[in-house]
1. So how long is each side of the stretch 3-55 along the principal axes, counting just the alpha-carbon atoms, biggest first, in Å?
2. How do Y71, Y113 rank by accessible surface area computed with a 1.4 Å probe, from largest to smallest?
3. Please give the per residue accessible area of the chain, computed with a probe of 1.4 Å over protein heavy atoms only, in Å².
4. Report the label-to-label distance for Q13 and D73 in nanometres (one decimal), using points 7 Å from each Cα along the Cα→Cβ vector.
5. Measure off, as a whole percent, the carbon and sulfur share of the 1.4 Å-probe accessible area of the stretch 55-106, all protein chains present.
6. State log₁₀ I(q)/I(0) for the chain at q = 0.15, 0.20 Å⁻¹ as given by the Debye formula over alpha-carbon point scatterers of equal weight, solvent excluded.
7. Does anything in the stretch 85-126 have its amide N under 15 Å from the 7 Å Cα→Cβ label point of Q39, and if so which residues?
8. Could you please state, rounded to a whole Å, how far the C-alpha centre of the stretch 57-113 is from the C-alpha centre of the stretch 9-44?
Amino acid sequence: QVQLVESGGGLVQVGGSLRLSCAASGRTFSNLAMGWFRQAPGKEREFVAAISWIGGNTNYADSVNGRFTMYRDNAKSTLYLRMNSLKPEDTAVYYCAARLLGQVGPHLSPDEYNYWGQGTQVTVSS
């Protein structure tokens, strides 16, 4: 019903930048609320950022606020996460998530999302 394909992960040095992409298909992109989550080894999946639509409210975890920027391009049905000033503690598998619009956000819990990407590995080395 909704397919999410992520890209942009990789290896980057401390202080560097990456941009993650999440392409959505199978459902009108404008009808989806989107979020980014991450999971490090031995840790539970944690919230990173969320957005409902272009021009709507965005929310960021305290750990990434000021360094990460989330935005969406409805024309390309793509969600982006720009990550700057990367730290070793940012190392994790990053997941794109989606849910149908139906209630006012923000949606900060993984349980609130029905569709997930395959995950993309981000490794920050020093």
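1. Projected onto its principal axes, the Cα set of the stretch 3-55 covers 36, 23, 23 Å.
2. Solvent-accessible surface, decreasing: Y71, Y113.
3. 51
4. 2.8
5. About 44 percent, which is the carbon plus sulfur part of the accessible surface.
6. Debye curve over Cα of the chain, log10 I(q)/I(0) at q = 0.15, 0.20 Å⁻¹: -0.61, -1.10.
7. Hits in the stretch 85-126 for Q39 at 15 Å: 92-98, 109-122.
8. The two parts, judged by their Cα centres, are 7 Å apart.
The values are calculated or read from the model by the stated rules, or taken from the named source; none is laboratory data. A quick note: this is a predicted structure, and the numbers were derived from the prediction, not measured. When we count neighbours, we look across all protein chains shown, and the Cβ atoms used for this are built from the backbone with ideal geometry, even at glycine. These area figures cover heavy atoms from the full protein model, side chains too; ligands, DNA and RNA do not enter into them. Shrake-Rupley method; radii C 1.70, N 1.55, O 1.52, S 1.80 Å.
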